[in-house]
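The values are calculated or read from the model by the stated rules, or taken from the named source; none is laboratory data. As the structure is a prediction and not an experimental result, all values here were calculated from the model. FYI the Cβ positions are ideal-geometry reconstructions off the backbone, even for glycines, and counts take in every protein chain you see. Accessible surface is based on the protein model in full, side chains and every heavy atom, while ligands, DNA and RNA are left aside. Shrake-Rupley method; radii C 1.70, N 1.55, O 1.52, S 1.80 Å.
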Amino acid sequence: MDKARLMLVDDHALFRSALKSLLADQPDMEVAAEAAGGREAVRLAGTVRPDLVLMDINMADGDGVEATRMIKDRYPEMEVLMLTASDDDELLLDAVRAGASGYLLKHMEPESFLTEIRRRLSGEGTISLDVAAKIVHAVAVKSHAGETSRFEHLSEREQEVLSLVGRGLTNREIADVLNIAENTVKNHLRSILQKLGLENRVQAAAYAIRHGMVDA
């Protein structure tokens, strides 16, 4: 089985070293590159083409949010997870808008940290439980200039999937609820994102809340 290639971006060498050691022991992951700042991360992303970028949200040499925006602009298929010690609503909201797929708090237990990374690599949304409600609702209540509902473009099944995504269910849980294959859920979600002009699962959940598909 091919190992997932990760890039670590953090300006604290000690934390970066500890995280690298943790990932090095995993049979399904490898650290393909490290960067100490945002500008270096953008440069390496094009050279290394990692499957997943673990990006510190606050760095002295280049803001993690801006680096995420630049990476997603150039390589939209590349996944970026933010690493943060804070649950600052506005900063996390900015990261979502920049294209981040989720967040991990630096004080998580190692096993939970690895579980969340694997969820992201398998196509699931990744948000630490203690910031999930804040960030989804922050995105949901923010108005987007010129936004119009494209809900009518979704099929009935896609509407069901989107509603369940808004409730925080994983692909496997959605498949069980709807009695369909997990790959079918993934295909529906991909279609939903395309039709609604959204970038990731977090934004899809926010859309569902904003348009009254789930209780906010």
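General remarks:
- Highest-first arrangement of 74-84, 18-28, 34-44, 181-191, where packing means the average Cβ count within 10 Å: 34-44, 74-84, 181-191, 18-28
- Take the Kirkwood radius over Cα pairs of the range 28-121, plug it into Stokes-Einstein at 37 °C and 0.692 mPa s, and you get 247 µm²/s for translational diffusion.
- Rolling a 1.4 Å probe across all protein chains gives D11 an accessible area of roughly 50 Å².
- Selection among A13, N58, A32 by position relative to the dipole of the range 1-61 gives A32 as farthest towards the positive end (Cβ unit charges, Cα centre).
- Residues with amide H under 5 Å from that of V80, placed H, sequence gap 5 or more: V53, S101
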